[in-house]
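Note sheet for the following structure.
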Amino acid sequence: MEVMKAAVFEREGSFVLKDVPVPQIEAEDQVIVEVEACSICGTDVHITATPPGYIATPGTTLGHEFCGHIIAKGAAVKHLNIGDRVVANPNNYCGNCVYCRKNLPNECEHIEALGIDYDGAFAKYCRINSKVAYKISEDVPAEVAACVEPLACAVNGLNKINIKPSDSAVVIGCGPIGMLIGMLLKASGASKIYMLETVDYRIDFVKKLGIATRVINPIKEDAKAIILEETGIGADFVLDVTGSQAVPSIDFTRKGGTVVLFGVNKRARAELAQCEITTKEISVLGTWLANATFPKAVSIVEQKAIDVGALVTDVMPLDLIHEGLEKLAKGQAVKVIITP
């Protein structure tokens, strides 16, 4: 039996590099991808924390933001060929449940997450369903292609609103997703972009990116007063990427504005003054994963519409994955790319 080295979540507090069997085609609609690069997601950091902030299946190879080349495919796969370079939607949907039939595969009742529910891409090879694989140009650097998944999620969120030139926006939370959202807002023509962050490393990083009108530390500064003073009425759009800032999001938004709740924090609880939504006529939207946005995300990186590569702070071999996770957990990196 052929084996490969993989980063495996064994149980709470145990995340190890070990030899595992090389995956084989088990169904006619599957493909095997030789992994070029796989980005460490914040979810991976939460899974490997003690106690874990996100639950994965014990014995699972982690990693879900990746790119690579198809080396084998099932008999039913007609739209992809051996040698094609692909990225993948890590959330494999059934295609048959009520939500899939409503064109909401991201809300699939039987969704399975790569690197969480089944073996992922922190390994030399990865098996996925062909319907979640998308071709990508060989011209896109591997470390950029590995970031298409979070970009597709960011695009899904921005698809729910209509950003126009001269609009103002607030992004709460400057992790990789928040920075991607900031980049997309800038490319969409938003004239005033306020990025809120409390970690010094990320504050400095966002300032250097040059996408924000102003970077605000809400612990040290009165964010609401600054936004109100500089916009006159509040922001047209507020996007919470932390999963815990619904209340200030509503405070920062102008009457008739829109709040998009992006981040997920299952522990977060807030007492909300519902009358603020009612009397200000604010639209509050949720956004979850990617929904038919991989083609657009691929196009964005192929056309270099935004500089996704600017977020890559580290590229490491698989042997150093624990070091990469530690850097992210300590807030000392933005996107860490693993090359199996």
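Each reported figure results from applying straightforward, stated rules to the coordinates on display, with no laboratory input. None of these values were measured; they are calculated from a predicted model. We place every Cβ from the backbone using ideal geometry, glycine too, and count neighbours over all the protein chains shown.
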Next on the checklist: Can you list residues from other chains, or at least 5 along the same chain, whose modelled amide H is less than 5 Å from the amide H of residue 80?
Outcome noted: none
Next on the checklist: Apply the Karplus curve 6.51 cos²θ - 1.76 cosθ + 1.60, θ = phi - 60°, to the phi angles in segment 16-30 and return the couplings in whole Hz, x for Gly and Pro.
Outcome noted: 10, 8, 8, 7, 9, x, 5, x, 10, 5, 10, 9, 6, 9, 9
Checklist entry - Just from its helices, what would the mean residue ellipticity at 222 nm be for the chain, if runs of 4 or more DSSP H residues each count -39500 (n - 2.57) and the sum is divided by every residue, rounded to the nearest 500 deg cm²/dmol? => result -7500 deg cm²/dmol
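Please report the relative contact order for the chain, taking Cα pairs under 8 Å with a sequence separation of at least 6, and give it as a percent rounded to a whole number. The partial results should precede the final answer.
Numbers: 766 pairs, mean separation 60.5, N = 340.
Reported as a whole number, the value is 18 percent.
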Checklist entry - Which value, in debye to the nearest 20, gives the size of the charge dipole of segment 178-218 about its Cα centre, when Lys and Arg are +1 and Asp and Glu are -1 at the Cβ? => result 160
Checklist entry - If you find the alpha carbon centre of segment 202-229 and of segment 268-301, how far apart are they in angstrom? => result 21
Checklist entry - Among 170, 215, 45, which comes first, second and so on when ranked by fewest other beta-carbon atoms within 10 Å? => result 45, 215, 170
Checklist entry - Applying 1/(1 + (r/R0)^6) with R0 = 22 Å to the Cβ-Cβ distance of residue 162 and residue 296, what FRET efficiency is obtained, to the nearest 0.05? => result 0.90
Checklist entry - Which value does Rg/Rh take for segment 161-286 over its C-alpha atoms, Rh per Kirkwood? => result 0.93
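Counting pairs of alpha carbon atoms under 8 Å apart in space and at least six apart in sequence, what relative contact order in percent does segment 161-286 give? It would help to have the intermediate numbers written out before the result.
Values: 243 pairs, mean separation 27.6, N = 126.
RCO, segment 161-286: 22 percent.
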Item to check | Of 297, 49, 268, the one that fluctuates the most in a GNM where the chain has Cα springs shorter than 10 Å | outcome: 268
Checklist outcome for this item: Surrounding charge for residue 82, neighbours by C-beta under 11 angstrom, Lys/Arg +1, Asp/Glu -1, total -1
Checklist outcome for this item: Residues whose built amide H sits under 5 Å from the amide H of residue 72, excluding neighbours closer than 5 in sequence, are 32
Item to check | Integer Hz, Karplus 6.51/-1.76/1.60 couplings in order for segment 199-204, x for Gly and Pro | outcome: 8, 4, 4, 6, 4, 5
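Find out how many positive minus negative residues lie around residue 42, taking Lys and Arg as positive, Asp and Glu as negative, among other residues whose Cβ is under 11 Å from that of residue 42. Write out the running numbers ahead of the final one.
Working: positive: 335; negative: 44, 65.
Every neighbour counted, the sum reads -1.
Set the Förster distance to 41 Å, then compute FRET efficiency between residue 28 and residue 213 from the Cβ-Cβ distance, nearest 0.05.
Working: r = 52 Å, r/R0 = 1.27.
Efficiency, rounded to the nearest 0.05: 0.20.
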Checklist outcome for this item: the chain: Kirkwood hydrodynamic radius (Cα pairs, Å) comes out at 20.7
Checklist outcome for this item: If one builds a Gaussian network model of the chain from Cα atoms under 10 Å apart, the most fluctuating residue listed among 135, 304, 220 is 220
Checklist outcome for this item: Reduced to Cα centres, the span from segment 126-190 to segment 22-94 in Å works out to 19
Checklist outcome for this item: Diffing segment 231-239: the Karplus 3J(HN,Hα) column from phi (6.51, -1.76, 1.60, θ = phi - 60°), in whole Hz with x for Gly and Pro, holds 9, x, 10, x, 7, 5, 9, 10, 10
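Taking a threshold of 31 Å on the Cα-Cα distance, which of the pairs 164/304; 208/327; 124/186 fall above it?
Values: 164/304 20 Å; 208/327 20 Å; 124/186 36 Å.
Violating the 31 Å Cα-Cα cut-off are 124/186.
Cβ under 14 Å from residue 96's Cβ, residue 96 left aside: what net charge do those residues give with Lys, Arg +1 and Asp, Glu -1? Write out the running numbers ahead of the final one.
On the way: positive: 101, 102, 131; negative: 29, 107, 109, 112.
The answer is -1.
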Item to check | For residue 239, residues with placed amide H under 5 Å, excluding near neighbours | outcome: 170, 171, 172, 260
Checklist entry - Looking only at 96, 217, 129, which one moves most when the chain is put into a Gaussian network model with springs between Cα atoms under 10 Å? => result 96
